[in-house]
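What follows is a short report on a single structure.
Just so you know, all these numbers are worked out from the coordinates, no wet-lab data involved. It should be emphasised that the depicted structure is a prediction, and the values quoted were computed from it without experimental measurement. When we count neighbours, we look across all protein chains shown, and the Cβ atoms used for this are built from the backbone with ideal geometry, even at glycine.
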């Protein structure tokens with residue numbers, strides 16, 4: 001490598017280091033206009049290691065607070081990566097987030113837990129009359145234009161409760177295993193404890209529509225309130241299962 005090239009590499013490396021080491025509270029106002037959907041508040045630290053008291057995307061809070069530490073090893077995969085941790089409305093999370101050269105978002109080794117109702121509120125489904133505890137583990141997630149194109153994850157839902165009755169009805173514990181098969185994200189639901197027998201899957205297609213195909217029935221000895229709740233799903237098949245089938249656009 002010529003001396004001139006070495007000098008240029010040194011200059012750019014130095015400038016990059018200075019920028020990354022500068023207070024993020026000073027840098028963000030200068031680049032915020034480039035990310036109009038993203039809002040950061042209460043900034044401290046630097047690009048290398050810092051925090052924000054609140055982070056919102058398109059007006060929806062996604063973290064309160066957020067802490068980050070730069071991951072230099074992500075550069076080997078041509079990614080700008082960070083180890084992040086924080087919480088939002090009772091949910092906590094810890095894992096890795098990276099941005100690719102093409103602008104995709106890659107999430108890995110992400111773990112989170114909290115209340116199901118808080119998670120549903122964050123994704124805009126707080127109107128559903130259910131609650132419980134959740135534990136989420138994301139092995140890998142790739143977002144393209146803010147839409148999941150690839151996902152491998154496990155979701156544990158415990159003490160799931162139906163809250164539309166005077167006394168909340170315990171529906172049980174469930175495991176949801178998520179994989180990606182031929183560009184289709186498939187979530188399979190399996191009960192691990194409780195009064196319900198559930199089987200089936202939810203599929204999210206690349207064209208941004210989803211399909212739900214589940215079958216549910218009350219186990220022998222289930223409380224009358226649970227049996228009545230299941231009957232509201234419609235007509236049972238020859239095996240006693242009630243089907244939940246729907247298709248819609250995201």
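Numerical summary
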item	result
In degrees, nearest ten, helix 3-21 long axis to first principal axis of the chain (Cα)	50 degrees
Column: log10 I(q)/I(0), Debye, Cα scatterers of region 109-192, q = 0.15 Å⁻¹	-0.61
Per-bin percent of Cα-Cα distances, region 104-249 [10 Å]	11, 36, 37, 14, 2
Peptide ranges 233-245, 95-107 listed from the most packed, as the mean C-beta count within 10 angstrom indicates	95-107, 233-245
Separation of the residue 145 and residue 163 label points, Cα + 7 Å toward Cβ, nm	3.5 nm
Antiparallel bridge percentage (DSSP; both residues within region 104-249; nearest 5)	100 percent
Theoretical gain in end-to-end length, residue 115 to residue 41 [0.36 nm per residue, Cα-Cα removed]	24.2 nm
Virtual spin-label span in nm between residue 239 and residue 71, 7 Å along Cα→Cβ	4.1 nm
Segment residue 246-residue 232, extension gain: residue separation times 0.36 nm, minus the distance between their alpha carbons	3.4 nm
Equivalent ellipsoid dimensions for the chain as semi-axes, Å, which come from the Cα gyration tensor, largest first	44, 20, 15
Estimated Rh, region 184-246: Kirkwood, alpha-carbon pairs, angstrom	12.7 Å
